[in-house]
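First the structure, in the form of C-alpha cells, and then the observations on it.
The values are calculated or read from the model by the stated rules, or taken from the named source; none is laboratory data. Because the structure is a prediction, the values reported are computed rather than measured. Positions of Cβ are generated from backbone atoms using ideal geometry, with glycine treated the same way; all protein chains shown enter the neighbour counts. Heads up: the accessible areas ignore ligands, DNA and RNA and are worked out on the full protein's heavy atoms, side chains in. Shrake-Rupley method; radii C 1.70, N 1.55, O 1.52, S 1.80 Å.
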Amino acid sequence: MNPSPAIRKVFQGVASRPQMFRMVDRHLQRPNRWEGDATPLYAGAWFEIGEAEHDYMFEILPPLWIRGSMFAMREFLTGSVTSVFFALRIDEAIRYFHGYCDLSDKASVEAMRVAIIERESRPVRAMTRDERLEHIWSSTADDYRGYAGERWPEASRGKRTVMIYGGKGGTVLKLLEDLSDDEIAAKLPVQLRHLPSPIAA
C-alpha cells in the first residue's frame, strides 16, 4: 500500500467526533484487509481533535499507559500500532491530537509529539501537497474513494483512488497521488484552497 510510515498530518482543522471516528480507520476499505502488515498505512498519521473528544477517549477504557499529557489506547489497531492521544501546549493554548504510533519503536511517541508541535507552531497556515492529498482522502466519503483493483495496471494496484469531476466526460476515477494542482484545489474546501505551501510560508 502506498502511504509512507513517516509522521504526517492527515486532516486540516479540528476533527468533529464523527470525523474522528471515521478517521480512526481511514483504510477500512483496503483490499485484503486481513492480509499482510498494515503498519505503514497507519503508523505516523495524526490529526487534531477537540477537548471533549480527547476526554471521551480517555474514559472509554483504562489506558494502556499514561505519560504526563499523553495516553495510549489499550486496544491495538494492527500489530503494535495503537492510538495515542496528546494534550499539548502550543502558542499558549492547550490543543488535543490523535496519532497512531508503532509502540515497537520506543521513540515513536516522542517523535510524534515533537513533530506535531513543530508543525502546529508555524506562524503562517500552510499545507504541503502531501497534506492536501491526505486531507482529501480523509474527507472524501467512502463511496467516492477506494483502491485500484485488477482493472488498473499492475503497478497501480492497491493504490488509493478518488472520484473527480472530469468536465464533459463526467466523473472519473483517478489515483490520489496523480491529482493535478487544479484537481486538488477543486476537492479541497474553499478555505483550504489557497493556503501557501510551507516553502512559500
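In table form, for the structure just shown:
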item	result
Scan of the range 114-129 for residues that are over 12 Å from ALA45 (Cα atoms) and not polar (S, T, N, Q), ordered by number	VAL114, ILE117, GLU118, ARG119, GLU120, ARG122, PRO123, VAL124, ARG125, ALA126, MET127, ARG129
Checking GLY79 against (1) in contact with a Phe, Trp or Tyr (Cβ under 8 Å, 6 or more places away or on another chain); (2) open to solvent by less than 70 Å² (accessible area, probe 1.4 Å), the condition it does not meet	(1)
Where a residue in the range 27-43 is part of a helix (DSSP H, G or I) and its partner, wherever it lies, is at pLDDT below 65, with Cβ under 8 Å and at least six apart	THR39/PRO5; PRO40/MET1; PRO40/PRO3; PRO40/SER4; PRO40/PRO5; LEU41/MET1; LEU41/PRO3
Those residues of the range 139-153 which are over 22 Å from the mean Cα position of the chain (by Cα) and surrounded by 15 or more Cβ atoms within 10 Å (Cβ to Cβ), in sequence order	TRP152
Residues (over 18 Å from the mean Cα position of the chain (by Cα) and among the basic types (Lys, Arg)) located in the range 85-136	ARG89, LYS106, ARG122
Criterion: part of a helix (DSSP H, G or I), open to solvent by 10 Å² or more (accessible area, probe 1.4 Å) and more than 17 Å from ALA6 (Cβ to Cβ) - qualifying residue of GLU59, GLU134	GLU59
Residue match in the range 99-108 (condition: within 30 Å of LYS174 (Cα to Cα), in contact (Cβ under 8 Å) with a residue 12 or more places away in the chain and open to solvent by 50 Å² or more (accessible area, probe 1.4 Å))	no
Of residues in the range 109-131 being surrounded by 20 or more Cβ atoms within 10 Å (Cβ to Cβ) and assigned to a helix (DSSP H, G or I), the one modelled with the lowest pLDDT	GLU131
Unique residue being more than 30 Å from TRP65 (Cβ to Cβ) and either among the β-branched types (Val, Ile, Thr) or open to solvent by 20 Å² or more (accessible area, probe 1.4 Å) (or both) when the list is TYR96, TYR165	TYR165
